[in-house]
Ligand code: GAL
């Protein structure tokens, strides 16, 4: 009897959904729901087709593409549906209902198929009265909705912030007071569900987000242009210290494949999101990817940086003789720790040319000769520095072995 009680107690303790952490330089309880130990990898329909992509057939076609393109084997697991998947009204018991025209066999039939393919399924909701697109929000229904998601086999819940306060964009509402309600509902839902907070970087979410979600958007919506990519990345450099296993800054969904970024810009977008440890959630039609885009997102070296178990985000460093980073515009020099080395990012921010780095300038390295590899070119060497010819907005992603040779 005593041993049974002891085992039961042990089970409760070991399932505690929080862990003590000093990641922010002070003691805090970070969410520890067993998910998001490394940043999420997957797809979401919003950047591809907004409401039009919130259908069973789009989810299943994406899942099939993940398998046939070899992306699943590289770790792309989440197939996430965004706004507009639901019917406009809840049922008489107050439950969310999938739109029957978009989900003829319901959600569960789709999650079952996605799970059978070895993948995971995500859905979208909102903390307010309505989603941004005018579908039912979870305000006042948090517990019920968490149970519904679990019963459907949902693995990932993106939680938006419209109509929480006055009007569309939550004026007057403090997100830190109501996002934990859905966290607790998911924790008690009976299923591990990744909690993706989408409150657009309000209320300094990076400071408290680690105790609430597995990721938190840190900016307004990404746009399909280089300026938007660059400004989000510049801001991410200022909050890199808040990323840690189980909870990461979310720089928003990818714009690769959507026809506006050059090849150089697609490489930099992917490389920056990888070294900043943002979720990499593709936002384009995965059945129509250009070979050049596919090659970028299948880069094994860069994916290994993104999925490194240390889970620390890179930030900017100032080489001797260079102007200081400003935080508001993209800076060319980035570095961060890995479990087995250091990652350096060089970005041709303003002009094409020769970009070089002396390892003695890089935090975590120092004087001496190091072996390194650059993942887009495949170049490897030993030395005290590395340099690359980069076209405008292109990026070099370099992994340096920590022990000098
Ligand atoms: C925004 C959100 C976008 C997308 C959209 C759907 O608030 O930031 O990522 O989900 O709502 O309506």
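Under 20 Å from a point placed 7 Å out from the Cα of residue 392 along the Cα-to-Cβ direction: which residues of region 312-338 have their backbone N that close?
329-333
Bins of 20 Å, beginning at zero and ending with the bin holding the largest distance: percent of Cα pairs per bin for the chain, please.
Histogramming the chain at 20 Å steps yields 27, 56, 16, 1 percent.
Please work out the FRET efficiency for the pair residue 382 and residue 95, using the Cβ-Cβ distance as r and a Förster radius of 51 Å; give the result to the nearest 0.05.
Details: r = 62 Å, r/R0 = 1.21.
Calculated value: 0.25.
Please determine, in degrees from 0 to 90 and to the nearest 10, the orientation of helix 175-187 with respect to the longest principal axis defined by the Cα atoms of the chain, where the helix direction is its Cα long axis.
Helix 175-187 sits at roughly 70 degrees to that axis.
To the nearest Å, what is the center-to-center distance of region 52-77 and region 375-405, using C-alpha atoms only?
So the separation of the two Cα centres works out to 32 Å.
State, to one decimal in nm, how far the label point of residue 241 lies from the label point of residue 143, with both points 7 Å from Cα in the Cβ direction.
It is 3.9 nm.
Springs between alpha-carbon pairs under 10 angstrom, Gaussian network model over the chain: which of 36, 190, 301 fluctuates most?
190
Give me the number: length gained by fully extending residue 223 to residue 51, i.e. 0.36 nm times residue separation minus the C-alpha to C-alpha distance, one decimal in nm.
Full extension of this stretch gives 60.3 nm more.
Of 378, 70, 311, which is the most mobile in a GNM of the chain whose springs link Cα atoms less than 10 angstrom apart?
The residue with the greatest mean-square fluctuation here is 378.
Cα extents of region 316-404 along the three principal axes, largest first, in whole Å?
33, 25, 23
From the square roots a ≥ b ≥ c of the eigenvalues of the alpha-carbon gyration tensor of region 27-139, which class results: rounded (a/c under 1.5), prolate (a/b over b/c), or oblate? Walk me through the numbers on the way to the answer.
On the way: a/c = 1.89, a/b = 1.18, b/c = 1.60.
Here region 27-139 falls in the oblate category.
Can you give me the angle between helix 142-152 and the longest principal axis of the chain, using Cα atoms only, in degrees from 0 to 90, rounded to the nearest 10?
The two axes meet at around 80 degrees.
Which distance in Å, rounded to a whole number, links the C-alpha centroids of region 226-260 and region 166-181?
Between the Cα centre of region 226-260 and that of region 166-181, the gap is 23 Å.
Between 79, 349, 154, find the one with the highest GNM mean-square fluctuation for the chain; connect C-alpha pairs within less than 10 Å.
Comparing 79, 349, 154 in a Gaussian network model of the chain, the most mobile one is 349.
Suppose the chain between residue 176 and residue 262 were pulled fully straight at 0.36 nm per residue; how much longer would it get relative to their current alpha carbon spacing?
On the way: separation 86, 0.36 × 86 = 30.96 nm, distance 3.78 nm.
My answer for the length gained is 27.2 nm.
Ratio of Rg to Rh for region 291-362, alpha carbon only, Kirkwood? Kindly include the intermediate steps, with their values, before the conclusion.
Values: Rg = 13.7 Å, Rh = 13.8 Å.
Reported Rg/Rh (Cα atoms, Kirkwood Rh): 0.99.
Each value in this text was obtained by applying a stated rule to the coordinates, not by laboratory testing. Since the model is a prediction, treat every value here as computed from it, not as a measurement. With ideal geometry, Cβ positions are generated from the backbone for all residues, glycine too; neighbour counts draw on all protein chains shown.
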